[in-house]
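Every number here is computed from the coordinates shown, using simple stated rules; none is lab data. Small disclaimer: the values here were computed from a predicted structure and weren't measured. We place every Cβ from the backbone using ideal geometry, glycine too, and count neighbours over all the protein chains shown.
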Amino acid sequence: MLELCDINRSMPHGFSSQPSSLPLVAVQSSTENFFSRWWFVAVVGLVVSATVIISVGIIVTVFIINSSRATMTSTSCFTSTASQPSNTWYLVGNMSTPRYYHTSTFISQDGSVLITGGINAGFGLASIERYIPSTGCFQSSGSMSSVRYYHTADSMSSLSSWIIIAGGYNGASAVGTADIYDPATESIVTIYLASAIYAQRSAIVGESQLVLIGGVNTIAVTSRAQVFSIGSPSAFAFAINTMSVGLVWHTATPLQNTSDLVLITGGTDGVSYYGIVSLYQGSSHAFIPLTPGVSLPTARVYHTGTYVPHPINQVLIAGGSTNSATYLNTFALFDVDTLQFVTITTTMLSPRGWHTSTLLPNGKILIIGGYDGTTSIGTCELIDPENNYVSTQVASLNVARHIHTATILSTSGNGTVLVCGGYKTGIGALNSCEVYVV
């Protein structure tokens, strides 16, 4: 049952330097019971035999019980990264459930990674798991308020790094809520979106705004954006204008040098494939025009967009598909200073879509896995922006996959990257995960 609750009362004290003024909003809550609190149970017993006392002793066992938290153990599911050579993929513990179209979000408080939702064997998932880097294992972290796949999950530093799990599809319809997950307590507050949505793209603008762009609502592919701003009069509200066309399977890349602009590229409305480019401006809650004629050289979907910081200050668009059968190895390069595309002649070594693209601490871009139009692929490439974006083949995944997630675990040195789940042609949903040592 939905009840009215002041979201501000659910926030930790001092969660933001800017006072919040969110009003009463509808949230999902469950009846409090025994398993919703921490309990300590002492069990005292005698060890005896039915006829002869074999041994007598007092055993005191302390259990910590909470329905949404899994007890931490000392089990190790991997070999320490310190013992792994560079340019190596190694398998870590498996997720409890195979999944794709899930999300993976780094939790800054403890360095763990939150895995939410997805699909397994045709069924949507509501379950949440956390990857613990110190052991390489996963632990259950309860469930979302709804089954979700094609959703987004973003950590907001101004919201005490709480994670906003927004929209998605529940197997029957678009989901019209967002779960705000607190990593410290593993509790969830559920709020309404401005409109039910799935397959949207999300971006953090500055430190206090989350924008959901495009996707599919209850009727059709949408050109609208929904905005969540800390301190705003409402939780989620529509942006003041729209894109020129509804988009799904597009990209939304924050231009981090300004912390105010998001670049949207490509996508489809379900009929046509587009090379459209749009800019969203956080300060105005609006899409702003680009110079007429600025567009991708090739229309595409299932591609990636990766921002490369100053002094390069460009966005690399990689791969994707021009239709349901043709996959690309080409790049497009957007220059943030001029807000124009510039010429790039280098390409990836393999055509791919449904891959991931991760900016590493050393400034290079790691392209992982994907789909080539025929099968899942396990090859990976390292792209060097300082050398005209030349791509070099690096170690391949242990398990070929696409529609997976990739999360950077460490920013020290060259970094480490966690890849989880996804789909493998001929196999289906995967529960395996692996870490790359750069």
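Ranked for footprinting exposure by Cβ neighbours inside 10 Å, fewest first, 156, 144 give 156, 144.
Amide H to amide H distances under 5 Å link residue 355 with 371, where only residues 5 or more positions off or on other chains count and H is placed in the peptide plane.
By the count of neighbouring beta-carbon atoms within 10 Å, fewest first, 381, 186 end up ordered 186, 381. Phi angles across region 129-143 convert, under the Karplus curve 6.51 cos²θ - 1.76 cosθ + 1.60 with θ = phi - 60°, into 3J(HN,Hα) values of 10, 10, 8, 9, x, 5, 10, x, 10, 10, 10, 5, 10, x, 9 Hz, Gly and Pro given as x. Here the gap between residue 343 and residue 298, fully extended at 0.36 nm per residue and compared with their Cα-Cα distance, gives a gain of 14.9 nm. For a modelled paramagnetic label at residue 290, 7 Å from Cα along Cα-to-Cβ, the residues of region 335-372 in reach, with backbone nitrogen under 19 Å, are 335-346. Packing here is the average count of other Cβ atoms within 10 Å per residue, and on that basis the peptides 399-405, 102-108, highest first, run 399-405, 102-108. A Förster radius of 25 Å combined with the Cβ-Cβ distance from residue 187 to residue 244 puts the calculated FRET efficiency at roughly 0.05.
Residues in region 218-229 carry Karplus couplings, in order, of 6, 10, 7, 5, 10, 9, 8, 10, 10, 10, 10, 10 Hz; the curve used is 6.51 cos²θ - 1.76 cosθ + 1.60 with θ = phi - 60°, and Gly or Pro positions show x. Label-to-label distance for residue 134 and residue 109 is 1.5 nm, based on points extended 7 Å past Cα in the beta-carbon direction. Shape of region 308-438 from the C-alpha gyration tensor: oblate (a/c of 1.5 or more and a/b not above b/c, with a ≥ b ≥ c the square roots of its eigenvalues).
Calculated FRET efficiency, residue 375 to residue 326, Cβ-Cβ distance, R0 = 25 Å: about 0.95 to the nearest 0.05.
Residue by residue, region 343-356 carries 3J(HN,Hα) couplings of 5, 9, 9, 7, 9, 6, 6, 9, x, 6, x, 6, 8, 10 Hz when phi is fed to the Karplus relation 6.51 cos²θ - 1.76 cosθ + 1.60 (θ = phi - 60°); x denotes Gly or Pro.
Quick one: grab the alpha carbon gyration tensor of region 119-170, order the square roots of its eigenvalues as a ≥ b ≥ c, and give me rounded if a/c is under 1.5, else prolate or oblate depending on whether a/b is larger than b/c.
It is oblate, given that a/c is not under 1.5 and a/b is not larger than b/c.
Distance between the 7 Å Cα→Cβ label points at residue 259 and residue 414: 3.1 nm. The modelled label-to-label distance between residue 283 and residue 390, using points 7 Å beyond Cα along the C-beta direction, is 4.0 nm. Counted residue by residue at 0.36 nm each, then reduced by the alpha carbon distance between them, the extension gain from residue 87 to residue 335 reaches 86.3 nm.
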